[in-house]
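To start, the structure itself, in structure tokens.
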Amino acid sequence: MEVLTSAEFRHRSISHWLFRTGAGIALILGTILGVVIGAVIEAQTLYSAALDHIKEFAVLRMLGASASYVYRIILAQASLISVAGFALGALCVALVDRLSQQTALPMVVPPSLFLAMLIVSLAIGAFSTIVAVLKVLRVDPATVLMR
């Protein structure tokens, strides 16, 4: 027999289910895979958007816009994409959470998870901005306008 406090029992249970069972490992690997895929998709979306408007960015650079100004524009686009993706994801999670309440094993989604999802989504957007900014800043404005 063993006597555990609630915190000890909670820690032991979480450890067991996350690290000693296939379900926990699958959940962790699925989360990592989802973040990687999300980052790649968002980076590709921003990169495509930057290439579609490369002439406009070239004109801004030619008119004297600083690299930080261009970075802020692309970061604002990334933020909008991130928030839109978060909103869609949060809506899906909330819907599944609501529907699972009628089952024998309801989901528990704490509000802090939604905050964590938003932070991760914005971090992915900020990281993805780097790819687009590097492409835009490498283009010589004069060559783009000659085409």
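Can you work out which of the residues in region 69-105 that are surrounded by 10 or more Cβ atoms within 10 Å (Cβ to Cβ) and hydroxyl-bearing (Ser, Thr, Tyr) is farthest from residue 49 (Cα to Cα)?
Only one residue fits best here, namely 100.
Taking region 106-126 as the search range and keeping residues that are under 12 Å from the mean Cα position of the chain (by Cα) and touching a residue at least 12 places away in the same chain (Cβ under 8 Å), which one is nearest to residue 93 (Cα to Cα)?
Taking the candidates together, the pick is 117.
Restrict the check to region 43-60 and report whether at least one residue is in contact with a Pro (Cβ under 8 Å, 6 or more places away or on another chain) and surrounded by 11 or more Cβ atoms within 10 Å (Cβ to Cβ).
There is at least one residue in region 43-60 that is in contact with a Pro (Cβ under 8 Å, 6 or more places away or on another chain) and surrounded by 11 or more Cβ atoms within 10 Å (Cβ to Cβ).
Values in this text are rule-based calculations from the coordinates and carry no lab data. Only a predicted model underlies this, so the values are computations on that prediction, with no experimental measurement involved. Glycine also receives a Cβ, built like all others from the backbone with ideal geometry; neighbour counts cover every protein chain displayed.
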